[in-house]
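The values are calculated or read from the model by the stated rules, or taken from the named source; none is laboratory data. Just so you know, these numbers come straight off a predicted model, no measurement behind them. As a convention, Cβ positions derive from the backbone with ideal geometry for all residues, glycine included, and neighbour counts pool all protein chains shown.
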Amino acid sequence: MTLPTTLDDWLAHAERQHAQTIAMGLDRVQMVRECMGLAFDCPVFTVAGTNGKGSTCAMLESILREAGWRVGVYTSPHLVRFEERCRIDGQPVDGQTLLEDFAAVEAARGAVPLTYFEFTTLAILRRLAREGLDAVVLEVGLGGRLDAVNIIDADCAVITSIDLDHMELLGPDRESIGREKAGIMRAGRPVVVSDPMPPASIAEHAQAIGANLRLMGRDFNYSGDKQQWGWGGRQQRYAGLAYPALRGANQLLNASGVLAALEALRLRLPVTAQAVRVGLARAELPGRFQIVPGQPTLILDVAHNPHAAATLAHNLDQMGFYPRTHVVFGAMADKDIAQLVQRLLPLVDAWYLCDLPTPRAASAAQLQAAVQQALAGARATGRALPPQVDSSVHDGPVAALQAAIAAADPTDRIVVFGSFYTVGGVLAHGVPRLDAPHLGA
């Protein structure tokens with residue numbers, strides 16, 4: 001075959017290699033990995049969980065880089081460009097450099113069918129392995145035990161919050177899902193759990209394989225007031241820390257897990273207290289309760305399961321007074337759309353429902369029906385709602401955002417949430433800086 005010559009062509013080729021979008025299991029990926037001779041000679045952090053993975057990866061990366069280490073990160077999915085999935089020394093990879101890595105995967109796989117995620121994961125892992133890095137941070141795409149990232153043995157595993165998502169693949173309850181996430185642990189190596197109330201299945205698996213389990217509340221903890229916070233672990237303590245640059249109610253949980261993971265590998269990757277302070281202050285992660293100042297204020301959040309939506313609702317409630325809240329909402333059809341809507345229902349004055357550019361998405365009309373059904377149920381039970389709630393349908397996130405801007409007053413806020421596609425859609429041409437039309441009236 002004639003090999004593709006651009007990144008877009010390679011991505012299209014990867015999409016055609018397997019009949020299924022998701023195919024759980026490591027046998028095929030492991031076989032190709034062995035043919036490639038893929039391995040790392042630096043410490044590897046692997047991060048799994050339902051929510052908080054991206055924030056955890058970003059803070060690990062930022063602190064390690066402030067300490068002078070050269071760091072590579074693999075995360076998924078991306079918001080706008082595929083290259084966002086691979087960061088080297090703080091910068092997205094140059095797509096042109098990935099071409100040889102895709103070619104290497106193609107040569108090694110032979111007749112082995114790989115999904116898009118498996119194919120692209122192997123290519124990015126090869127790129128990271130060839131960069132002479134001091135540390136690598138890998139975000140699990142789905143689950144843990146059977147995710148393609150798990151072909152790499154983690155020197156330190158991190159498990160963030162566990163909640164209900166992807167239940168058709170991971171199991172019907174938190175115990176089942178926790179068991180799948182626990183699959184990233186390795187015998188004799190540290191595993192940090194930043195969920196303050198983790199499923200029992202996580203500790204059971206750690207004991208069964210002999211992993212070095214570090215639990216929130218037992219092996220590390222944090223405390224704080226409105227100005228600063230402190231953290232204590234098995235051997236290290238930090239006091240008078242500024243709050244992380246990443247916003248939101250759960251970021252101290254994520255930051256605590258990060259510090260516990262760094263403590264676990266402190267002999268191989270020492271970091272100073274100053275690197276911790278500056279790294280937390282400089283960590284960046286678009287689309288995670290990202291507040292864009294303007295008139296009106298814009299909030300971007302990829303929350304796409306009920307737990308994340310509940311956190312978003314709490315964060316919005318803590319922001320202070322806004323006369324009206326406008327929400328741009330697009331979501332995948334396999335998500336618990338009713339619960340996503342329910343979590344934000346008391347806060348929202350106007351819903352702008354949008355189609356998304358993937359067959360997996362619910363249509364704007366389906367989302368509007370879910371909103372109307374939720375409103376009817378809330379009114380029937382006397383639940384507190386804004387006095388008037390409007391809804392409209394739009395052919396994409398940008399159109400929905402433009403409609404929200406047109407209807408909003410300068411002192412209002414607009415929230416974009418529900419999917420990476422939704423947030424990525426409004427970020428496709430850069431971060432919008434809003435200037436409500438009413439200002440020029």
Checking TRP351 against (1) buried (at least 17 other Cβ atoms within 10 Å of the Cβ); (2) not in a strand (DSSP E or B), only one condition comes out false. Which one? (2)
Count, please, the residues in region 379-396 that happen to be farther than 23 Å from ASP334 by Cα and either touching a Leu at 6+ places or on another chain (Cβ under 9 Å) or not assigned by TED's automatic domain parsing to the domain that holds PRO432 (or both). 5
Being at pLDDT below 95, out of contact with any Pro (no Cβ under 6 Å at 6 or more places or on another chain) and buried (at least 17 other Cβ atoms within 10 Å of the Cβ) is the requirement here; does PRO4 meet it? yes
Any residue at all in region 65-73 that is modelled with pLDDT under 95, in contact with a helix residue (DSSP H, G or I) (Cβ under 7 Å, 6 or more places away or on another chain) and either closer than 30 Å to PRO357 by Cα or surrounded by fewer than 19 Cβ atoms within 10 Å (Cβ to Cβ) (or both)? no
Can you confirm whether PRO77 is under 30 Å from ARG174 (Cα atoms) and not assigned by TED's automatic domain parsing to the domain that holds LEU356? yes
Which of the numbered conditions does ALA261 fail, given that it passes all the others? Conditions: (1) at pLDDT 95 or above; (2) under 30 Å from PRO410 (Cα atoms). (2)
Just a yes or no: is a residue in region 2-24 in a loop (DSSP other than H, G, I, E, B), of a type outside the set (A, V, I, L, M, F, W, C) and on the phi > 0 side of the Ramachandran plot? no
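Yes/no per residue for (1) assigned by TED's automatic domain parsing to the domain that holds ASN305; (2) outside any helix (DSSP H, G or I); (3) closer than 20 Å to GLY294 by Cβ:
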position: LYS335; (1), (2), (3): yes, yes, no
position: PRO346; (1), (2), (3): yes, no, no
position: GLN366; (1), (2), (3): yes, no, no
position: VAL398; (1), (2), (3): yes, no, yes
position: VAL416; (1), (2), (3): yes, yes, yes
For region 375-420, enumerate the residues that are buried (at least 16 other Cβ atoms within 10 Å of the Cβ) and basic (Lys, Arg). ARG413
Scan region 46-64 for residues that are at pLDDT 95 or above and not in a helix (DSSP H, G or I) and jot them down. THR46, VAL47
Of the residues VAL93, VAL112, VAL71, VAL29, which is under 24 Å from VAL193 (Cβ atoms) and over 16 Å from the mean Cα position of the chain (by Cα)? VAL71
Given (1) over 28 Å from ILE152 (Cβ atoms); (2) surrounded by 14 or more Cβ atoms within 10 Å (Cβ to Cβ); (3) in contact with a Gly (Cβ under 6 Å, 6 or more places away or on another chain); (4) hydrophobic (A, V, I, L, M, F, W, C), VAL192 misses just (1)
Could you check region 246-322 for helices (runs of 4 or more DSSP H) lying wholly inside it with 3 or more residues that are buried (at least 19 other Cβ atoms within 10 Å of the Cβ) and touching a Phe, Trp or Tyr at 6+ places or on another chain (Cβ under 7 Å)? 251-264
What are the residues in region 233-242 that are without any contact (Cβ under 8 Å) to a residue 24 or more places away in the chain and either assigned to a loop (DSSP other than H, G, I, E, B) or crowded, with 18+ Cβ neighbours inside 10 Å (or both), if any? none
Name the residues in region 74-102 that are buried (at least 21 other Cβ atoms within 10 Å of the Cβ), of a type in the set (A, V, I, L, M, F, W, C) and in a loop (DSSP other than H, G, I, E, B), would you? VAL93
Restricting attention to region 195-220, the residues that are free of Cβ contacts under 8 Å to residues at least 40 places away in the same chain, part of a loop (DSSP other than H, G, I, E, B) and either surrounded by 22 or more Cβ atoms within 10 Å (Cβ to Cβ) or on the phi < 0 side of the Ramachandran plot (or both) number exactly 4
Matching residues in region 361-370 - criterion: being touching a residue at least 40 places away in the same chain (Cβ under 8 Å) and not aliphatic (A, V, I, L, M): none
Which residue, of PHE329, PHE289, PHE321, is in contact with an Asp or Glu (Cβ under 8 Å, 6 or more places away or on another chain) and of a type in the set (Phe, Trp, Tyr)? PHE289
Extreme residue, nearest to the chain's Cα centre (by Cα), among residues of region 200-254 that are among the charged types (D, E, K, R) and under 30 Å from VAL292 (Cα atoms): ARG247
In region 105-129, which residue that is outside any helix (DSSP H, G or I) and touching a residue at least 24 places away in the same chain (Cβ under 8 Å) is surrounded by the fewest Cβ atoms within 10 Å (Cβ to Cβ)? GLY110
